[in-house]
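Working notes, beginning with the structure itself.
The values are calculated or read from the model by the stated rules, or taken from the named source; none is laboratory data. Model, not experiment: these values are computed from the prediction. Cβ sites come from the backbone with ideal geometry, for glycine too, and all protein chains shown count toward neighbours.
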Amino acid sequence: MGKVNWGITSGTQVLTAMGAIAVEALSEGARIITRDAGMVVLRRIERVEIECEIVRIRAGSLGHDRPEHDTDLPINQKILIRDWRAQALTGQKHALMRAGRLSDGEFLRTLPAQKRVIYRLKFDQDHIIYADGLELLCPVM
């Protein structure tokens, strides 16, 4: 498999019909709550161990409980931003932005590349899921 620089790191809590569940405990057929389509069925989950840069997002740095606790994401994972950052960086009220683009060195810090387990959730189409209080894009690839 090619280089993975987007996805969800181990320990991230994904919102499902059964409540928040760690991404590594999910399985095909799980019902995931999405922003754009309500409840959808997880078709596949890919697990890869790779070396990649990570952005550590401090709890509450993207809004109230966004994220709920410190969260690590690969630099190219897209996050739906719906605050002044979206307006300042794109001129739009909301925007899908790479975690790396939001890095400010204090509240969102890029960490050196290290080996990580990354999960990619696969659906029938692109969806925005809720994970650790963030809204993350899961693209069809």
Exercise. For residue 13, all conditions in the list (1) modelled with pLDDT of 95 or more; (2) polar (S, T, N, Q); (3) surrounded by fewer than 17 Cβ atoms within 10 Å (Cβ to Cβ) hold save one; what is the number of the exception?
Worked result: (3)
Problem set entry | strands (runs of 3 or more DSSP E) within the stretch 86-139 that include 3 or more residues closer than 28 Å to residue 19 by Cβ and not hydrophobic (A, V, I, L, M, F, W, C) | 108-122
Exercise. Quick one: is residue 53 over 21 Å from residue 101 (Cβ atoms), of a type in the set (Asp, Glu), surrounded by 13 or more Cβ atoms within 10 Å (Cβ to Cβ) and touching a residue at least 60 places away in the same chain (Cβ under 8 Å)?
Worked result: no
Exercise. If you go through the stretch 131-140 one residue at a time, do you hit one that is acidic (Asp, Glu), more than 10 Å from residue 79 (Cβ to Cβ) and in contact with a Cys (Cβ under 8 Å, 6 or more places away or on another chain)?
Worked result: no
For this session: From 32, 21, grab the single residue that is assigned to a strand (DSSP E or B), at pLDDT 95 or above, under 15 Å from the mean Cα position of the chain (by Cα) and more than 15 Å from residue 138 (Cα to Cα).
Result: 21
Exercise. Does any residue in the stretch 125-141 that is on the phi > 0 side of the Ramachandran plot come within less than 6 Å, Cβ to Cβ, of a residue that is assigned to a strand (DSSP E or B) six or more places away or on a different chain, and which pairs are these?
Worked result: 132/13; 132/71
For this session: Kindly establish whether residue 58 is touching a Phe, Trp or Tyr at 6+ places or on another chain (Cβ under 7 Å), surrounded by fewer than 17 Cβ atoms within 10 Å (Cβ to Cβ), over 16 Å from residue 121 (Cα atoms) and of a type in the set (D, E, K, R).
Result: yes
